[in-house]
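Nothing in this text is a laboratory measurement; each read-out follows from the coordinates by a stated rule. Only a predicted model underlies this, so the values are computations on that prediction, with no experimental measurement involved. Cβ placement follows ideal geometry from the backbone for every residue including glycine, while neighbour counts extend to all protein chains displayed.
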Amino acid sequence: MVYVTRKAHFNASHRLHNPDKSEEWNQKTFGKCNNPNWHGHNYVIEVTVAGEADPETGYVIDLGKLKAIIKDRVLDPCDHKNLNVEVPFLEGIIPTSENLVKAFFDQLKSDVDSAAFGQSKLYSVKLYETERNIAEYCPNRAD
């Protein structure tokens with residue numbers, strides 16, 4: 001199995017807030033991330049495709065195509081946006097790194113799988129909210 005990863009970055013703001021809970025609960029649970037005036041991050045996303053290299057091209061996926069898919073499906077909708085209110089595919093979720101990484105995987109899966117060679121598939125999406133806070137979604141990993 002070969003794993004090919006493309007890295008990209010975007011900037012966005014968000015607020016961690018559960019509208020079904022009290023202001024007190026939200027403040028206690030999310031602290032400064034519950035700021036009603038939002039806060040932002042310089043996110044880094046890593047998208048990994050897994051499979052066998054195509055015998056004609058040597059590719060698991062054409063990285064130029066993967067770059068374009070990430071741009072179209074994640075970067076364009078999210079970059080310099082408020083993730084709580086400006087991104088339709090994130091509507092109704094609390095934009096934690098854990099929820100974002102799964103939503104990004106779902107946004108990418110169909111297009112990445114279609115662009116990949118042979119039986120290669122989207123394997124994982126990793127999101128760096130900060131250098132030290134990272135979430136990864138890898139639904140088919142056999143650990």
From the cross-link list LYS28/LYS81; LYS21/LYS121; LYS32/LYS121; LYS28/LYS102; LYS21/LYS67; LYS81/LYS126, the entries with a Cα-Cα span beyond 31 Å are LYS21/LYS121; LYS32/LYS121; LYS21/LYS67
Starting from the 7 Å offset along Cα-to-Cβ, what nm value, one decimal, do you get for the label separation of ASN11 and ASN99? 2.4 nm
For the charge dipole of the chain, defined by +1 on Lys and Arg C-beta atoms and -1 on Asp and Glu C-beta atoms about the Cα centroid, which residue among TRP38, PHE105, TYR128 has the Cα displaced farthest towards the positive pole? TRP38
Full-stretch length increase - LYS32, LYS65 - with 0.36 nm per residue and alpha-carbon distance subtracted: 8.1 nm
Quick check: pseudo-label points 7 Å beyond the Cα along Cα→Cβ at SER110 and VAL85, how many nm apart are they? 2.9 nm
What is the distance, in nm, between label points placed 7 Å from the Cα along the Cα-to-Cβ direction at THR57 and at VAL2? 1.1 nm
Charges only on Cβ, +1 for Lys and Arg, -1 for Asp and Glu: so what's the dipole of the chain about the Cα centre, in debye to the nearest 20? 300 debye
Counting other C-beta atoms within 10 Å, and keeping those with at most 16, which DSSP coil trypsin sites (Lys or Arg not before Pro) do you find in region 80-132? ARG132
Counting Lys and Arg as +1 and Asp and Glu as -1 over every other residue whose Cβ sits under 13 Å from the Cβ of SER114, the net charge comes to 0
Least to most buried among VAL44, VAL74 (fewest other Cβ within 10 Å first): VAL44, VAL74
Regarding region 2-137, what is the average projected area of its C-alpha convex hull, in nm²? 8.3 nm²
